[in-house]
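Visitor: The structure under discussion is supplied below as structure tokens; questions concerning it will follow.
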Amino acid sequence: MEEAALSVQNLRAYYVTGHFGMQREVRAVDDVSLSVRKNEIYGIAGESSCGKSTFIKTVAAAIRPPLRVLGGSIKYSFLDRDLYDLDERKLADIRWNHLSFIPQGSMNVLNPVRRIRESFQDFAFPHMGLGRSEFFDVVNRHLERLQLSPSILSAFPHELSGGMRQRVAIALATVCRPEFIIADEPTTALDVVVQKDVLALILETQREIGSSMIFVTHDLTVHANISNRLGIMYAGRLIEEGPTREIFHDPLHPYSRHLVASLPRIGDLTPKIALTGAPPNLAQPPSGCRFHPRCPLATDLCRQASPELTTLSSGRRVACYAVASAPATRPMTNDRMTNDKFKSF
Ligand SMILES: Nc1ncnc2c1ncn2[C@@H]1O[C@H](COP(=O)(O)OP(=O)(O)O)[C@@H](O)[C@H]1O
Ligand code: SF4
Ligand SMILES: [Mg+2]
């Protein structure tokens, strides 16, 4: 089997704070295991506060207190050891060069008081091993490939539109041709037309440099356009994973079924029924399956024990007793899950 570009095993990352001698832990990422294949775009979906950004910070080694990695391993194919066995100097060596980041807001990477040229100089120049003029030749060519005029190098970030700044952030994240790119809601702040262009640019650049990528967004329609495989998170856990097309066609976990059923479809005028309740407080997650307080299929077993993420014969993974108990040769289909309880979703 081909070596994974990224392999994450049993990752636990909690926000740990203390007030009046009482320790509080927000279990934002709790026992997550997944692998990203070479050259693929692995999408992570799930509603707000389910732990997507915390997972991203952890695999990008961007941990600041009170966030702490309490267990698990993170291995990239370009590293000979675990990410958290690297010292600060080695981490600085791999950032931008091998592992880069496209944030939601470009201002998280662009310094507002420095011209774009200086941001390229700060982040990319130390990795390229080139003289200054050769370096800017490479940058200019890269900008042109991304349909950006090299003249933007003289601009301050506030002189550019939001869409243009996000293109600059993509250019910055890809100029060193990194093996792995991590993107956290990179198009969420943009309006729909600009979003479409920026997505196309990300896809084109990822293909051109052959990087692997984790792409996080709560917006499933964006995943439909960009992610090869999809991992769905709920309350700090990965609850379903599979090829994006298959999840859209036949979501297995009750939560995924709700997400997919909520997508607007042209011509479909049936009212969408909201999922009752809210995602749990991750400082005190529910016992058993974390989705059980909202799940119409919950049983006593679901309230007491936590379902493992189980690999089905189709290769898809799902953490749900109702699905895992279905015959392995025939994963649960839409029809089988459309029982009376499910209709109340
Ligand atoms: N600095 C922080 N301190 C304490 N809890 C935090 C902090 N940042 C995020 N959280 C909590 O961690 C959980 C996961 O948040 P996050 O990873 O940002 O989710 P998402 O990106 O899916 O919206 C949430 O319950 C959130 O309130
Ligand atoms: S394990 Fe039980 S509560 Fe959890 S999603 Fe499946 S049926 Fe619902
Ligand atoms: Mg987030």
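Visitor: Quick one: would you say Met164 is among the hydrophobic types (A, V, I, L, M, F, W, C), free of Cβ contacts under 8 Å to residues at least 40 places away in the same chain and either out of contact with any His (no Cβ under 7 Å at 6 or more places or on another chain) or part of a helix (DSSP H, G or I) (or both)?
Guide: Values: among the hydrophobic types (A, V, I, L, M, F, W, C): yes; free of Cβ contacts under 8 Å to residues at least 40 places away in the same chain: yes; either out of contact with any His (no Cβ under 7 Å at 6 or more places or on another chain) or part of a helix (DSSP H, G or I) (or both): yes.
Yes.
Visitor: What do you reckon, is Pro126 in contact with a helix residue (DSSP H, G or I) (Cβ under 9 Å, 6 or more places away or on another chain) and surrounded by fewer than 18 Cβ atoms within 10 Å (Cβ to Cβ)? So that I can check it myself, show each step before the final result.
Guide: Numbers: in contact with a helix residue (DSSP H, G or I) (Cβ under 9 Å, 6 or more places away or on another chain): yes; surrounded by fewer than 18 Cβ atoms within 10 Å (Cβ to Cβ): yes.
The answer is yes for Pro126.
Visitor: Please count how many residues of the stretch 90-102 are charged (D, E, K, R) and in a strand (DSSP E or B). Walk me through how you get there before you give the answer.
Guide: Narrowing the stretch 90-102 to residues charged (D, E, K, R): 90, 93, 95.
When the remaining residues are screened for being in a strand (DSSP E or B), the result is 95.
Matching residues across the stretch 90-102 total 1.
Visitor: So Gly105 fits all but one of (1) farther than 30 Å from Asn10 by Cβ; (2) over 23 Å from the mean Cα position of the chain (by Cα); what number is the exception?
Guide: (2)
Visitor: Still on this structure, please answer the following. Only one of Leu301, Leu269 is more than 20 Å from Gly51 (Cβ to Cβ), away from ligand 1 (no atom under 16 Å from the Cβ) and either surrounded by 13 or more Cβ atoms within 10 Å (Cβ to Cβ) or of a type in the set (Gly, Ala, Ser) (or both); which?
Guide: Exactly one of Leu301, Leu269 is more than 20 Å from Gly51 (Cβ to Cβ), away from ligand 1 (no atom under 16 Å from the Cβ) and either surrounded by 13 or more Cβ atoms within 10 Å (Cβ to Cβ) or of a type in the set (Gly, Ala, Ser) (or both), namely Leu301.
Visitor: If the Cβ limit is 6 Å and pairs must be 6+ apart or interchain, which residue in the stretch 77-88 that is at negative phi pairs with which residue that is aliphatic (A, V, I, L, M)?
Guide: Short answer, once both residue conditions are applied: Ser77/Ala5; Leu83/Ala61; Leu83/Ile74.
Visitor: Out of the residues in the stretch 250-266 that are hydroxyl-bearing (Ser, Thr, Tyr) and away from ligand 1 (no atom under 15 Å from the Cβ), state the one that is modelled with the highest pLDDT. Steps first, please.
Guide: Initially, the stretch 250-266 is screened for residues hydroxyl-bearing (Ser, Thr, Tyr), giving 255-256, 262.
Checking which are away from ligand 1 (no atom under 15 Å from the Cβ) leaves us with 256, 262.
On the way: Ser256: 96, Ser262: 88.
Looking at residues that are hydroxyl-bearing (Ser, Thr, Tyr) and away from ligand 1 (no atom under 15 Å from the Cβ), I get Ser256.
Visitor: Do any strands (runs of 3 or more DSSP E) lying entirely in the stretch 22-89 carry at least 3 residues that are under 14 Å from the mean Cα position of the chain (by Cα) and of a type in the set (A, V, I, L, M, F, W, C), and which ones are they?
Guide: Values: elements: 22-36, 41-45, 67-76.
Passing ranges, in order: 22-36, 41-45.
Visitor: What residue, among those in the stretch 61-106 that are of a type in the set (A, V, I, L, M, F, W, C), at pLDDT 95 or above and in contact with a strand residue (DSSP E or B) (Cβ under 6 Å, 6 or more places away or on another chain), is nearest to ligand 1 (Cβ to nearest atom)?
Guide: The selected residue is Leu67.
Visitor: Then there is this: So is Ile74 closer than 21 Å to Phe101 by Cα, within 14 Å of ligand 3 (Cβ to nearest atom) and crowded, with 17+ Cβ neighbours inside 10 Å or not? Full working, then the answer.
Guide: Details: closer than 21 Å to Phe101 by Cα: yes; within 14 Å of ligand 3 (Cβ to nearest atom): no; crowded, with 17+ Cβ neighbours inside 10 Å: yes.
It is false that Ile74 is closer than 21 Å to Phe101 by Cα, within 14 Å of ligand 3 (Cβ to nearest atom) and crowded, with 17+ Cβ neighbours inside 10 Å.
Visitor: Among (1) without any contact (Cβ under 8 Å) to a residue 24 or more places away in the chain; (2) in a helix (DSSP H, G or I), there is one condition Gln284 misses while meeting the rest; what is its number?
Guide: (2)
Visitor: Right, next: Residue check: is Ser287 more than 23 Å from the chain's Cα centre (by Cα) and modelled with pLDDT of 95 or more? So that I can check it myself, show each step before the final result.
Guide: Working: more than 23 Å from the chain's Cα centre (by Cα): yes; modelled with pLDDT of 95 or more: yes.
Yes.
Visitor: Within the stretch 171-200, count every residue that is within 17 Å of the chain's Cα centre (by Cα), aliphatic (A, V, I, L, M) and not in a helix (DSSP H, G or I).
Guide: Summing the residues that are within 17 Å of the chain's Cα centre (by Cα), aliphatic (A, V, I, L, M) and not in a helix (DSSP H, G or I) in the stretch 171-200 gives 4.
Visitor: Could I ask something else about it? Quick one: is Asp219 within 14 Å of the chain's Cα centre (by Cα) and surrounded by fewer than 20 Cβ atoms within 10 Å (Cβ to Cβ)? Working first, answer last.
Guide: On the way: within 14 Å of the chain's Cα centre (by Cα): yes; surrounded by fewer than 20 Cβ atoms within 10 Å (Cβ to Cβ): yes.
Yes: the conditions hold for Asp219.
Visitor: Between a residue in the stretch 216-227 that is within 15 Å of Ser262 (Cβ to Cβ) and of a type outside the set (S, T, N, Q) and any residue that is more than 16 Å from ligand 2 (Cβ to nearest atom) and in a helix (DSSP H, G or I), which pairs come within a Cβ distance under 8 Å, given they are 6 or more apart or on different chains?
Guide: Pairs found: His218/Lys52; Leu220/Phe248; Val222/Gln195; Val222/Leu199; His223/Thr244; Ala224/Thr244; Ala224/Phe248.
The values are calculated or read from the model by the stated rules, or taken from the named source; none is laboratory data. In this text, all values refer to a predicted model and were calculated from it rather than measured experimentally. Every residue, glycine among them, receives a Cβ derived from its backbone with ideal geometry; neighbour counts consider all protein chains shown.
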